[in-house]
1. Are there any pairs, at least 6 apart or on different chains, whose C-beta atoms fall under 9 Å, with the first in segment 173-199 and in the same structural domain as Ser224 (by TED's automatic domain parsing) and the second in a strand (DSSP E or B) and exposed (fewer than 14 other Cβ atoms within 10 Å of the Cβ), and if so, which?
2. Filter segment 60-95 down to the residues that are open to solvent by 50 Å² or more (accessible area, probe 1.4 Å), within 16 Å of the ligand (Cβ to nearest atom) and under 19 Å from Val35 (Cβ atoms) and list them by number.
3. Suppose the filter is touching a residue at least 40 places away in the same chain (Cβ under 8 Å) and either within 13 Å of the ligand (Cβ to nearest atom) or of a type in the set (Asp, Glu) (or both); does Gly146 pass it?
4. Do the conditions hold for Pro163, that is, is it farther than 21 Å from Tyr41 by Cβ and within 16 Å of the ligand (Cβ to nearest atom)?
5. Can you tell me which condition Pro98 does not meet? The list is (1) of a type outside the set (Asp, Glu); (2) within 16 Å of the ligand (Cβ to nearest atom); (3) crowded, with 17+ Cβ neighbours inside 10 Å, and all the others hold.
6. Just checking, which of Pro98, Pro10, Pro66, Pro84 is modelled with pLDDT of 95 or more and under 16 Å from the mean Cα position of the chain (by Cα)?
7. Take segment 205-237 and flag every residue that is more than 20 Å from Gln101 (Cα to Cα) and modelled with pLDDT under 95.
8. Considering only residues that are under 24 Å from Ile71 (Cβ atoms), of a type in the set (Phe, Trp, Tyr) and surrounded by fewer than 16 Cβ atoms within 10 Å (Cβ to Cβ), which ones fall in segment 12-54?
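The values are calculated or read from the model by the stated rules, or taken from the named source; none is laboratory data. These figures come from a predicted structure and were not determined experimentally. Neighbour counts are summed over all protein chains in view; Cβ atoms, including those assigned to glycine, are modelled from backbone coordinates with ideal geometry. Just the protein is used for accessible areas: all its heavy atoms, side chains included, with ligands, DNA and RNA removed. Shrake-Rupley method; radii C 1.70, N 1.55, O 1.52, S 1.80 Å.
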Amino acid sequence: MKIDVLTIFPEYFDSIFEFGIIRRAKLAEIVEINVHDIREYATDKHKMVDDRPFGGGDGMVLKVEPLFAAIENLTGTSDRDAYPAGTRVVLLTPQGKPLKQADAQNYADDAKHIVMICGRYEGVDERVTEALVTDEISIGDYVLSGGEPAAAVFVDTLVRLLPGALGSDTSAENDSFSDGLLDCPHYTRPAEFRGMKVPEVLLNGNHAEIEKWRHEKALEKTRSVRKDLLIGENGDM
Ligand code: 6GU
């Protein structure tokens, strides 16, 4: 998979893709990640990337020309219906669809090239959204000052789902959310610490019993902090 990130703060990403699973996936050529400064695509002599909103109001809006130039350079076209197969242009914005594990899995399965535009300030010129953007994504119901942390989150969640990115083939399947539940509790040595004991069932080597315990604990945790995950799309349990 190829990922291009468009941002006015490229330095934000200097070290964020250099650790752990993402670093290993890059070295193994499972993913290629390029960060681009939107300012390099500015068309005027002052290299302006943002401007005041028409109609007045606070803040600045990301300009249309640099983003068209960047997307044309990265995809070969500024017509979103003409992108090569497997190309997605994603705008990270609080107005987007909240990202879910199932969405991330769909991108990991189907997308070959993802261009992420980090939104900024009061917004992005709507003509960018209309002509270039295939998907608008938010990472949750809270406000970030820009799309950069959201792009970092999106890259992380995607890369770990790419075939070969994780050490063991099954680790992603046991993650929180992949079966619709939060993960069960985990323990490692020592078996007793300051009087706090690891549950006996985990020490007895009975794998059927361990699986049953883990499922029960996952359900219990989900019921206590994320009841919404247990309620189906149509509202039933
Ligand atoms: Cl993608 N951008 C911003 N600015 N705020 C957010 C967000 C994105 N997702 C949640 N909050």
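1. Filtered contacts from segment 173-199: Ala191/Lys197; Val198/Glu192.
2. Arg88
3. Values: touching a residue at least 40 places away in the same chain (Cβ under 8 Å): yes; either within 13 Å of the ligand (Cβ to nearest atom) or of a type in the set (Asp, Glu) (or both): yes.
The answer is yes for Gly146.
4. Criteria not met by Pro163.
5. (3)
6. On the way: Pro10 fails: under 16 Å from the mean Cα position of the chain (by Cα); Pro66 fails: under 16 Å from the mean Cα position of the chain (by Cα); Pro84 fails: under 16 Å from the mean Cα position of the chain (by Cα).
Within the list Pro98, Pro10, Pro66, Pro84, the selection yields Pro98.
7. Passing the criteria: only Asp236.
8. The one that is under 24 Å from Ile71 (Cβ atoms), of a type in the set (Phe, Trp, Tyr) and surrounded by fewer than 16 Cβ atoms within 10 Å (Cβ to Cβ): Phe54.
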